[in-house]
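Worksheet: the structure to be examined is printed underneath.
The values are calculated or read from the model by the stated rules, or taken from the named source; none is laboratory data. In this text the structure is predicted, and so the values were computed from the model without any measurement. Backbone-built Cβ (ideal geometry, glycine too); neighbour counts: all protein chains shown.
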Amino acid sequence: MGLVARVGCVLCSRHMGINDTPAQVHHMKLGTGASDRASDFLTIALCPEHHVGALGVHKLKEHGIYLRYKCSEIDLLADTVSGVNDLLYNTGVRASTSTEGVS
Ligand SMILES: [Zn+2]
Ligand SMILES: [Zn+2]
């Protein structure tokens, strides 16, 4: 899941225009009552504050996220997927750190 974390917090980016905030990986929970986490593909890059902080998705929940940020978890997922896509295909946009030590 390193790639997702490297996208940077999508709420910082979307809401405050700050890119590359160090992010954690949030797993979307789809459906109510499901105890299992959703697929690893359904993950959102969020900084600690926007993840589990007072203004984070775990505290605000879906409705609170919408009220505060005017977007849904699906929008944040789309931002994350788009960011991962950039990392994978726009070489040179962000330096890769995965080849450290290889020359
Ligand atoms: Zn953030
Ligand atoms: Zn989470």
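For region 63-70, the count of residues that are surrounded by fewer than 17 Cβ atoms within 10 Å (Cβ to Cβ), among the β-branched types (Val, Ile, Thr) and closer than 18 Å to Ala23 by Cβ is zero.
Residues in region 1-18 that are modelled with pLDDT of 90 or more and assigned to a loop (DSSP other than H, G, I, E, B): Gly8, Cys9, Gly17, Ile18.
Scanning region 73-83 for residues that are surrounded by fewer than 16 Cβ atoms within 10 Å (Cβ to Cβ) and either modelled with pLDDT of 95 or more or farther than 15 Å from Lys29 by Cβ (or both) yields Ala78, Ser82. Across region 47-72, which residue is nearest to His26 (Cα to Cα) among those that are hydroxyl-bearing (Ser, Thr, Tyr) and within 15 Å of the chain's Cα centre (by Cα)? If we take residues in region 47-72 being hydroxyl-bearing (Ser, Thr, Tyr) and within 15 Å of the chain's Cα centre (by Cα), then Ser72 is nearest to His26 (Cα to Cα). For the list (1) modelled with pLDDT of 95 or more; (2) more than 14 Å from ligand 1 (Cβ to nearest atom), I need the number of the one condition that Leu46 fails. Only one criterion is unmet by Leu46, namely (2).
Beta carbons closer than 6 Å, at least 6 apart along the sequence or on distinct chains, pair a first residue in region 5-22 that is in contact (Cβ under 8 Å) with a residue 24 or more places away in the chain with a second that is within 16 Å of ligand 2 (Cβ to nearest atom) and of a type in the set (Phe, Trp, Tyr) for His15/Tyr69.
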